[in-house]
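What follows is a single structure, written as structure tokens, with notes after it.
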Amino acid sequence: MIGEKIAELRRQNNMSQEELAERLGISRQSVSKWESGQSLPDIEKLPILSDLFHVSIDYLVKEDTVPATVTVEPEQKPNEEPLREEETPFRDARFRDWQESVRKTFFSNVPKEETGKYILRKEEAEEFISLREQKGNRIASGVAECVASIVPIMAMLGISQLVPFVSEGSAATLGVVGMFIMVAHAVAGFINAAAIGKQYEFLNKTEILPEYEAEDLIRDRCPEMKRKSRSDITVGVVLCILSVTPMLIGAALTEMTDTLAFFCVGLMFLMVAEAVRRFVKAGFASGTVDRLMQKGEFSVQMKQRMNFETIYWTIITVVYVTYSTVTGSWPTSWLIWVLAGIAWPYLSGEKEEE
């Protein structure tokens, strides 16, 4: 009862658990335990809570009491306009949509450490989104650079047609050097990108239970990322369709010389490279949304299946090696893999889904 009132008052005052804990000089876990009913505040904390939330102690500790009608003007910086109703965070309409998440996060009778789920905080969700965006941009740029690596060859061959003292052989050699430089730079980017966000790879297989502020962030950012993803895909498709237009325009306006053909092919590859960059970037954004919303291949059911799959095939490998070593029946023990493969659809639940 008292925990529910503390949680409600905290939300009404737009205060996180960390902020309340800091004002009371306690840990965030203590506040969480109060609100979930696992423990009660010490008696010396009641006057502080009363003053902080501008309610009576009776309201905090007794049932069927109403808070004292205390009107407190919010602190306001000079020349700062008060928040309009639609700008106020955690307004009632949005809270009703997320009350199930809040209930699971703050009011569950089962301690969070025993749920078998990872409690995702707002700061972690923000960092995860930022790191995924960085990784996506680097990999997308690297892939585009690989696609566009043919451009130096086309450019040098085109220049060789315009400059008499530059032979096609030397121009092609310089173009190939430029191509290898671009590919090497792209590979270096891939290697660096592989380390970005490694600390959150466990989210691919672990069920997520976002805290209230993290749920708020996810529901705000995911639709925005989906819109950007659709926009990138649309632009990419348009660029792919238009990539042949330089060749068509060049052939229509003038006689297609070798020089013009080389430059038109280079321009075509540049347009395709930009399209590919946008496709890869959109794919990473969609993957981020699926991971945070736990949809598609990152749904709770798929995560449970992936964990079970790892354990299952590890056990089969141990059984196969142990049995074959002890009995020496290596020529026939491969049948263990056949039996394991036959049993897998039934044990994993795939057969029931079909």
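What follows is calculated from the coordinates using simple rules that are stated; it is not laboratory data. Predicted, not measured: the structure shown is a model, and the values here were computed from it. Don't worry about glycine lacking a Cβ; one is built from the backbone with ideal geometry, like all the others, and counts go over all protein chains shown.
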Query - Cβ crowding within 10 Å averaged over residues, with 38-44, 258-264 ranked highest first - result: 258-264, 38-44
Query raised in the report: What net charge is computed for the residues neighbouring Leu270, neighbours being all others with C-beta under 12 Å from the C-beta of Leu270, Lys and Arg scored +1, Asp and Glu -1?
Result: -1
Requested in this report: Determine, for Met156, Met182, the number of other Cβ atoms within 10 Å of each Cβ, and report the residues in order from fewest to most.
Outcome: Met182, Met156
Requested in this report: Mind listing the long-range amide H neighbours of His54? Cut-off is under 5 Å, sequence gap 5 or more, other chains count too, H placed in the peptide plane at 1.01 Å from N.
Outcome: none
Query raised in the report: Which order, highest average first, do 319-327, 216-224, 265-273 follow once you tally other Cβ atoms within 10 Å for each residue and take the mean per peptide?
Result: 265-273, 216-224, 319-327
Report task. Report relative contact order for the range 118-298 in percent, whole number only (criteria: Cα-Cα under 8 Å, sequence separation at least 6). Result -> 38
**Report entry** Mean Cβ count within 10 Å, highest first, over the residues of peptides 162-170, 6-14
**Finding:** 6-14, 162-170
Query raised in the report: What's the center-to-center distance, using Cα atoms, between the range 171-214 and the range 1-31 in Å?
Result: 40
